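So the structure is just underneath, and the comments pick up after that.
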Amino acid sequence: MKPKVILTHPMPEEWIAPLQREVDLIVGPAGVAGVDESLKPHFPEVEGLFTWLTDRVDEDLLSQMPRLKVVSNLAVGVDNIDLEACTRHGVAVGHTPGVLTEAVADLTFALLLAVARGIFSAAEDARSGRWGLWEAARWLGYELNGSTLGIFGMGKIGQAVARRGKAFGMHIIYTSRSPKPQAEAELGARRVPWETLLEESDFLSLHTPITPETRGIVDAAALKRMKPTAILINMARGAVVQTNALVEALQKGWIAGAGLDVTDPEPLPPDHPLYKLPNCLITPHIGSATHTTRRRMTELAIANLLAGLRGEPLPHCANPEVYTRQ
Ligand code: GLV
């Protein structure tokens, strides 16, 4: 008998065909966040769970899945999953680092350039008949060359962003739990305290995982510490930034602009004040959304899942302590 696996939401047939050959796949509904109630009858037999980052996996869910061996998350972040609870239940958690690094770094720069040069509002002016004559001092933006790019969270993605920054002639500073000697040697990146990062960055790009230390760290005090000409880019998790403080910062000119691929809450309701600000550009959490990358993420997530079902170590495990627990 093939092991039973729940895929929480539908995905393109050709992406999941390799999984379908190996397991008895139950696919949850589209358009709902979370593991849908309709899947409940399968919980007692399910051995593998293939999740999206909008699905919460916690003690309550795990206790209903006594045969579960592996959770495979289609994301590098695993903040939707209670890792400790999974470890307690002997459930390995897979995630997809590495394969999405370049796509996320590309979108970081797309947002950074778009906000720096006001591309979205200028393009909207052109489209809606507000072009008028060429003007010397209209639609002025900020230049990357010679500016300082501050990176908070210098993991794989942070370093890929730093490489792009270097190519644009930017000086790189960063704040991270550990020093990155390679980035320092190759890119001239300088590790600085968080306060210095806030004060010196012309562009501050967030790439940290969300943890108790980083949740809400970009608060009113942090935003006031930044340059009034600075631009904030959030590619991490929405709740790293205090949303109300950001609204105030953009309205009052504490900083010059923001580009957000993640928000708190997510999705951001359509009437949210952030959408009304001309200096704020928001994309709907699409950092890894390229044809190539989402396909690779799926392949890796399937590899994690199948390894977990076989009781083998996952290619990328977010709770390796599961293998050594007593
Ligand atoms: C996206 O945010 C991810 O964690 O992969």
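The values are calculated or read from the model by the stated rules, or taken from the named source; none is laboratory data. Every value quoted in this text rests on a predicted model; they were computed, and no experiment measured them. Backbone-built Cβ (ideal geometry, glycine too); neighbour counts: all protein chains shown. With ligands, DNA and RNA removed, areas are computed over all heavy atoms of the protein, side chains included. Shrake-Rupley method; radii C 1.70, N 1.55, O 1.52, S 1.80 Å.
Odds and ends about this structure:
- Packing here is the average count of other Cβ atoms within 10 Å per residue, and on that basis the peptides 264-271, 63-70, highest first, run 63-70, 264-271.
- Overall form of the chain per C-alpha gyration tensor (a/c, 1.5; a/b vs b/c): prolate
- For region 114-174, the equivalent ellipsoid built from the Cα gyration tensor has semi-axes of 31, 13, 8 Å, listed from largest to smallest.
- Straight Cα distances below 23 angstrom link Lys224 to the lysines Lys252, Lys276, with same-chain residues fewer than 8 positions distant left out.
- Whole-Hz couplings from phi, Karplus 6.51/-1.76/1.60, listed for region 127-143; x for Gly and Pro: 5, 9, x, 9, 6, x, 8, 4, 10, 5, 10, 10, 6, 7, x, 10, 9
- Sparsely packed GluC sites (Glu not before Pro) within region 87-160, loop by DSSP, other Cβ within 10 Å at most 14: Glu135, Glu143
- Take the chain with all the other protein chains still there, run a 1.4 Å probe, and you get 48 Å² of accessible area per residue.
- Just the protein heavy atoms count here, and of the accessible area of the chain at 1.4 Å, carbon and sulfur take up 54 percent.
- Global form of region 208-259, assessed from the alpha-carbon gyration tensor, a/c cut-off 1.5: prolate
- Straight-distance crosslink candidates among lysines, where the alpha carbon sits under 20 Å from Lys156 and sequence neighbours closer than 8 are dropped: Lys166, Lys180
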